[in-house]
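S.K.: The structure's right below; bear with me while I get my questions together.
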Amino acid sequence: MKVENLNEIPSCRVILVGAMGVGKSTVGKLLSETLSWKYIDNDYELSKIASMSMKQLAQLDVPTLHTLESDYLNDILTRPTPLIAGAAASIADNLDLIDALENEFTVYLYSPLENLMKNAGTTGVGRQGLIENPSEVIRERFERRDPRYRRIASLIIDISVGPEIAVKLIVEKLKA
């Protein structure tokens, strides 16, 4: 689905937030194709910024990774519009970033806790903290982060609708 008249949509930053594995990259790429806007992928950009492979990023300790993720998003928030960017789930733990995202077009890709527990996995960037007690960690993160995502969201989408419908809903909201 291509948008016929891009002039109907104001130039902005669309920031996709949500738990790891929820589909931020998938939705971001589809939205980028639909709007012909640049998409910036969190993991790929972190790899470039840190001069590390994805495998090396996945081996960092959690505090170091979260610092890199916060630095990445701070940088994204200074880049010219229009753009679409995925944000690491951990940004919800940085209250300064949460406050900054209230001024952006932020889309919370929501997934019920049960689905997150089924889909998270324990390997890859950001999953370092899930090796021991993954269900407990995912539950704690969800309960802490969900209210913060909701507070900053310009739009909340239950990702069970699928990525194509999510993109359609985002475009409709941008046009409104």
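S.K.: Test each condition in (1) within 24 Å of F142 (Cα to Cα); (2) loosely packed, with under 13 Cβ neighbours inside 10 Å for V22 and report the one that comes out false.
M.R.: All conditions pass for V22, except number (2).
S.K.: Which members of segment 146-176 meet the condition of being touching a Gly at 6+ places or on another chain (Cβ under 9 Å) and farther than 21 Å from W37 by Cα?
M.R.: Hits for segment 146-176 are Y149, I159.
S.K.: Which pairs have Cβ atoms under 6 Å, sit 6 or more apart or on different chains, and link a residue in segment 60-72 that is free of Cβ contacts under 8 Å to residues at least 24 places away in the same chain to one that is surrounded by fewer than 18 Cβ atoms within 10 Å (Cβ to Cβ)?
M.R.: Partner pairs satisfying both residue conditions: L68/A50.
S.K.: If you go through segment 67-87 one residue at a time, how many are in contact with a Ser or Thr (Cβ under 8 Å, 6 or more places away or on another chain) and either assigned to a loop (DSSP other than H, G, I, E, B) or under 30 Å from K175 (Cβ atoms) (or both)?
M.R.: 4
S.K.: If you don't mind, another one. Filter segment 10-39 for residues that are basic (K, R) and under 18 Å from R148 (Cβ atoms) and give the result.
M.R.: Answer for segment 10-39, where residues must be basic (K, R) and under 18 Å from R148 (Cβ atoms): just K24.
S.K.: Looking at I165, I170, I98, which is the one that is of a type in the set (A, V, I, L, M), within 13 Å of the chain's Cα centre (by Cα) and modelled with pLDDT of 90 or more? If you could, list the steps in order and put the result at the bottom.
M.R.: Details: I165 fails: within 13 Å of the chain's Cα centre (by Cα); I170 fails: within 13 Å of the chain's Cα centre (by Cα).
Every option except I98 fails the conditions.
S.K.: Taking the condition of being buried (at least 17 other Cβ atoms within 10 Å of the Cβ) and farther than 10 Å from T106 by Cβ, how many residues in segment 151-165 meet it?
M.R.: The total comes to 3.
S.K.: Another question about this same structure. Among the residues in segment 40-50, are any at pLDDT 95 or above, under 28 Å from D158 (Cβ atoms) and surrounded by 12 or more Cβ atoms within 10 Å (Cβ to Cβ)?
M.R.: Taking every residue of segment 40-50 in turn, at least one turns out to be at pLDDT 95 or above, under 28 Å from D158 (Cβ atoms) and surrounded by 12 or more Cβ atoms within 10 Å (Cβ to Cβ).
S.K.: Ok, one more. Pairs only if they're at least six apart or on different chains, beta carbon under 8 angstrom, first in segment 27-42 and touching a residue at least 40 places away in the same chain (Cβ under 8 Å), second of a type in the set (D, E); list them, first residue then second.
M.R.: Here the result reads G28/D41; L30/E164; N42/E69, each pair linking segment 27-42 to a residue that is of a type in the set (D, E).
S.K.: Residue check: is I84 aliphatic (A, V, I, L, M), modelled with pLDDT of 95 or more and surrounded by 20 or more Cβ atoms within 10 Å (Cβ to Cβ)?
M.R.: Spelling it out, I84 is indeed aliphatic (A, V, I, L, M), modelled with pLDDT of 95 or more and surrounded by 20 or more Cβ atoms within 10 Å (Cβ to Cβ).
S.K.: Limited to segment 74-89, what total is found for residues that are in contact (Cβ under 8 Å) with a residue 40 or more places away in the chain and farther than 20 Å from S36 by Cα? Spell out the reasoning first.
M.R.: First, pick out the residues of segment 74-89 that are in contact (Cβ under 8 Å) with a residue 40 or more places away in the chain: 76-77, 79, 81-89.
Among the residues that remain, those that are also farther than 20 Å from S36 by Cα are: 88-89.
Counting residues in segment 74-89 that are in contact (Cβ under 8 Å) with a residue 40 or more places away in the chain and farther than 20 Å from S36 by Cα gives 2.
The values are calculated or read from the model by the stated rules, or taken from the named source; none is laboratory data. Nothing here was measured: the structure is a model prediction, and the numbers come from that model. FYI the Cβ positions are ideal-geometry reconstructions off the backbone, even for glycines, and counts take in every protein chain you see.
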